[in-house]
Structures are given as C-alpha cells and as structure tokens.
There are 2 protein chains.
Amino acid sequence: MTAEPVGTGLTAEDGEGRDRPRYGEGREALLRAAIRVVATSGLRNLTYRAVAREAGVTHGLVAHHFGSRDTLLEEALRYSLQLSVETSSLESGTGQIDDFARDLPEFVDREPDVQAFQYELILESRRRPELRPYVEELYDYYRGAARRELARLGIQDPALADVAYAALDGLVFQQISVASPENTRRSVDALRTMLLAARDAPPARD
Amino acid sequence: MTAEPVGTGLTAEDGEGRDRPRYGEGREALLRAAIRVVATSGLRNLTYRAVAREAGVTHGLVAHHFGSRDTLLEEALRYSLQLSVETSSLESGTGQIDDFARDLPEFVDREPDVQAFQYELILESRRRPELRPYVEELYDYYRGAARRELARLGIQDPALADVAYAALDGLVFQQISVASPENTRRSVDALRTMLLAARDAPPARD
DNA sequence: TGAGAATCTATCCACATGGATAACTTGTCA
DNA sequence: TGACAAGTTATCCATGTGGATAGATTCTCA
C-alpha cells in the first residue's frame, strides 16, 4: 500500500507537491527537495516555502532542521557530494578506452538535476566562502576519478587527465543547458582519439 | 574635471555605489551594473534596487528602461554577448600553436565578471526559454572562434575543435570558481600537446 | 505505560521586493 | 525662445520572504 518504489527522488519524476514523508524522514526529504528546486527553479527560488512544498512538509520544518536558508544550502551541497561519490559515474574500471565516459551522455540526460545543482553551487561558492571546501572536495573527487580511470588506460600524465576532466566538465555543462546527449557522445569519442594520440605520440614535435 | 578614464566598468574597480551617470547614459550603466551584480552577488540579488545602486541611479529607472526584471536580464545577456564578440579572446589569428588560448588565464583572471555572468545565465536559460536563443548564439560564436583558430593550426576536424572548446569552457569555469590562472595555464599547455598529437597521429590504433 | 525528547505544524511579523504612478529635469528642434 | 519628448526621481502598495514562537504529534525507552 505505502510501498512505492523508492529511489533518490532525483530522477525525472516531476510532479510537484510530494506526499508527506514519514515521521523522521523530513530532513532527507528536504535535502533532496532542495536539489530539485535549485535545479529546476534556480537559487533565487530556493525559499523555505518552495523547498517545503517540494518535500511535502511545512516550511517551519526547514527552520527546525537547518536553522537558516544558508545552512540548508550547505547541507544540500554535502548531500549531493555524497550522491556523486556513490554514483561514481566516471570510473568504469574496465581498462577499455571505449568505456571511458561511455555512459556519461545518457547519465546526464537521465539525471540532470544533481549536475545542474552542483554547477549552481559552484558559482554560488564564489561569493559564499563557507561553500568552498565542499566545492574543492567535489572537484578533487572528480579529478581523482578521471586520473585513476585514465591511468588504467596507460595515460599516467595527470595534466592530460586534468584536461580530459575539464573537457567532460564543459561538455556536461553544455549538455544540461543547450546541447544534446548525441553531441556529447560525439565529443567524447573525439576526446578518446586525442587521448590515445597523446599517449602514443613521440615526446614532442613542431 | 569630469574626465575619468572610462572603460567597460567591468574590470576590477570594485567600489560600490557608482557616481551618477550623465543624462542619457543610464540605460547602458544599468546593463553594465547588471552584469557586475549578477557576477558578484548572484541572480538572487539582482534586484531593481541593487542594480540601480550599482549603476548610480534610482530603481524607478530600471522599470522605465526595461519594464521588468526579466527583460533587464535578457538585455544584459545580449549586451554581454556583444562584449564577448568585441573582445574576441579566443582568436589570436597568428597561426602559432603556442598562441592558442595563450592569454586566456590572464584574461579570465583580470575580468571574471563577464564570464561568471554568462555561466549564470546559461544555467538560467534552462528554465527561461526566452534566453535560449542568446545562449545558443553565444555558444555558436565561441565554438566557431575555436574552430577557426584551430583550422589555422592545421586542425581541420571540427569535432576536435569542439572538444578543445569544451575543455576551455571547463577550465574557465574552474578558474572563476576554485582554480588558479596558473592551473589553467598548465592545462592549456597539455591541451595543445594533445591537439598536436591528434593532428599528427596516424589515422587510428589500438 | 508514561514522560521526555525529537519531529512536525500553524501562525505571526518585520522587511525587502517588483512594479505602478506621478512629478520633475534635461535635451531637442522648430 | 518654448513646447514636446525622453530621461530620471520620489513615492506608494500588495505580495512573498526568512525566521521566530508556540503548540501538536510521534517516537523512545526506562
């Protein structure tokens, strides 16, 4: 009866005004709701009322759990960081070049909210110093994942891995805003070509 | 006397509460102020009052020139697009690989506001369809500039140019949030290496 | 069972906001 | 010069906001 298939609540399911979470689940519901609200309506519309509505609770609960809008945002960023690490979308671990970032276009297409939320918060961290440690942690994690994944392909140079990650970062940003998954796929193909060429190239030229 | 050295008003000069622009200059002052306010305080704080204060006028003038906050944002995006095209920071035109994106780190370091503003508005365009045409125009311009610049280096494949641009996009985003210009410089170096390797590589391998 | 703690709701308030309106100032040009 | 238009300011208002407070519900565990 009350057994709906429970996920992160961050995939497409777009109906608004969730049904009320069970006693004790309000806090996490609010964190997930905050990510959704920021992704779909922007930081400007991350209000006590909007996030409470999205979570299916009353807005007093936000104040109770987080005390302030700022703290909610900080906690939501930490939560999204945790989600990213669990998902680990950059590490296939197979050691096959064709698997590098293979599922990225589809992943971003299916779940753009967490990505959009993180981009929003990275920009926000420019003016909110207390967010910076989490943003740095986020980038360290992604960059590390890219380095490990590429090392398995015989690409040891961390500078190359950093560029590859920057390219993926840019591609994902473009995909959530204007570009198609197909476009991302094509570019990731080209990126693999470049990486292989750089790996196998003689030291220098030209 | 009233002859201050006039620039775009978008470089470091951070004092707030500009002195009142001359009669007839209010509109453009507001556009420049909007970019500065969004870059330094976020879309959330782009209010009639904040942008008017930054421009040195009263907030009624915003309503008079733009009618609504949404229109102001749209016009400011168009204005920033025009600034980007005039600056043309991606095309050195020299045909020397070492000049590719050579000044980018320093440029972004010196004038991060326009970049930050554009990233903010690209994200905003996800939920404001009327902004999309301008965002697409912006991306078309940047991508085209990268293609032309790389074609001069003998890299004709547009897919490679698109990846290169995505990498720059990601690097600039990282620089305005957490990374140093020096980090960008290192990565741009590595990007050039990859591009040359791809240009000179035999068709395929592995 | 029942009392204290945690979670949650209902309600209130001072304040900033977007926008409208009317008045005033500066420029234009016949 | 002077009258009309464009630019600009001053002021007002209804609405949504962040947050505080008080009370109700649900859980925990001795």
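The values are calculated or read from the model by the stated rules, or taken from the named source; none is laboratory data. These numbers were taken from a predicted model, which means no experiment stands behind them. Here the Cβ positions follow ideal geometry from the backbone for every residue, glycine too, while neighbour counts run over all protein chains shown. Please note that ligands, DNA and RNA were not included when accessible areas were found on the heavy atoms of the full protein model with its side chains. Shrake-Rupley method; radii C 1.70, N 1.55, O 1.52, S 1.80 Å.
Structure notes:
- Remark: accessible area buried at the B-A interface is about 4300 Å², both chains counted, probe radius 1.4 Å.
- Percentage relative contact order, segment A:12-124, counting C-alpha pairs under 8 Å, at least six apart: 29 percent
- Cα centroid separation, segment B:123-157 to segment A:28-50 (Å): 30 Å
- In a DSSP loop and with at most 13 other Cβ atoms within 10 Å, there are no chymotrypsin sites (Phe, Trp or Tyr not before Pro) in segment A:98-157.
- Potential lengthening of the chain between residue B:59 and residue B:98 amounts to 9.3 nm, from the contour at 0.36 nm per residue minus the alpha-carbon distance.
- The helix-only estimate of mean residue ellipticity at 222 nm for chain B, built from DSSP H runs of length n ≥ 4 each weighted as -39500 (n - 2.57), is -20500 deg cm²/dmol after division by the residue total.
- The contact residues of segment B:167-201, meaning those that lose at least 50 Å² of 1.4 Å-probe accessible area when all protein chains sit together rather than their chain alone, are B:173, B:174, B:177, B:178, B:194.
- Average accessible surface area per residue within the protein assembly as shown, 1.4 Å rolling probe, Å²: 47 Å²
- Residues of segment B:91-125 that lose at least 50 Å² of accessible area (1.4 Å probe, protein heavy atoms only) when the other protein chains are present, relative to their chain alone, are B:120, B:123.
- Segment A:67-81 and segment A:83-112 have Cα centres separated by 25 Å.
- Protein accessible area in the protein assembly as shown, 1.4 Å probe - carbon and sulfur %: 48 percent
- Interface residues of segment B:130-151, defined as a loss of at least 40 Å² in heavy-atom accessible area between the chain alone and the complex of all protein chains with a 1.4 Å probe, are B:132, B:139.
- Sorted largest first by accessible area at a 1.4 angstrom probe radius, with every protein chain in place, the residues B:75, A:137 fall in the order A:137, B:75.
- Shape call, the protein assembly as shown: gyration tensor on alpha carbons, a/c limit 1.5: oblate
- Added length on full extension, which subtracts the Cα-Cα distance from 0.36 nm per residue, residue A:140 to residue A:69: 22.9 nm
- If R0 equals 56 Å, the separation of the Cβ atoms of residue B:82 and residue A:22 corresponds to a calculated FRET efficiency of about 0.55.
- Cβ-Cβ FRET estimate between residue A:180 and residue A:127, R0 fixed at 35 Å, reported to 0.05: 0.65
- Under the span-like rule (Cα at least 18 Å along the axis, Kyte-Doolittle mean at least -0.5), DSSP H helices of chain A: A:26-41, A:69-87, A:112-125, A:158-177
- Chain A: relative contact order in percent, alpha carbon pairs under 8 Å with at least 6 residues between: 19 percent
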